[in-house]
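The next block holds one structure in the form of structure tokens; read it before the comments.
The values are calculated or read from the model by the stated rules, or taken from the named source; none is laboratory data. This is a predicted model, so every value here is computed, not measured. Every residue, glycine among them, receives a Cβ derived from its backbone with ideal geometry; neighbour counts consider all protein chains shown. What goes into the accessible areas is simple: the full protein's heavy atoms, side chains included, and nothing from ligands, DNA or RNA. Shrake-Rupley method; radii C 1.70, N 1.55, O 1.52, S 1.80 Å.
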Amino acid sequence: QVQLVESGGGLVQPGGSLRLSCAASGSIFSIYTMGWYRQAPGKQRELVAFITSGGDTNYVGPVKGRFTISRDNAKNTVYLQMNSLKPGDTAVYYCHAVRGVYNYWGQGTQVTVSS
């Protein structure tokens, strides 16, 4: 069992930056692939980025070059650094942990990009 708690969301102006954090507890954090998803109003939840247990990263289209995912296994935490934010990035952002058939979700943190 893994518990995930996100933090760092908020309101930011277009072009601004935010860093999301996801603190994990309850299991061996380092063996999980960690991901960030987001869900905008009226839309399906979508993958933003993920990082494997070995540190390999992958980003989905619109965020490439603007977002950076990283992990600190000593702190059981995964981060999402978001730069050059756009109104289209407005969504609830969710942390996700997966290993084999086991997967876990955080409760989400709201990110709003607006002037």
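Data overview
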read-out: Estimated FRET transfer efficiency (residue 84, residue 47; beta-carbon r; R0 25 Å; 0.05); value: 0.80
read-out: Vicinal HN-Hα couplings computed from phi for the range 16-30 (Karplus, 6.51 cos²θ - 1.76 cosθ + 1.60; Hz; Gly/Pro x); value: x, 10, 9, 10, 8, 10, 9, 8, 10, 8, x, 7, 7, 4, 5
read-out: Accessible area of the chain divided out per residue, in Å², using a probe of 1.4 angstrom; value: 52
read-out: Mean Cα-pair separation over length for the chain, i.e. relative contact order, pairs under 8 Å, 6 or more apart, %; value: 37
read-out: Net charge contributed by nearby residues that have their C-beta within less than 15 Å of residue 87 (K/R +1, D/E -1); value: +3
read-out: Portion, in percent, of the accessible area of the range 31-115 that falls on carbon or sulfur, probe 1.4 Å; value: 48
read-out: Local electrostatic count, residue 49, Cβ distance below 15 Å [Lys/Arg +1, Asp/Glu -1]; value: +2
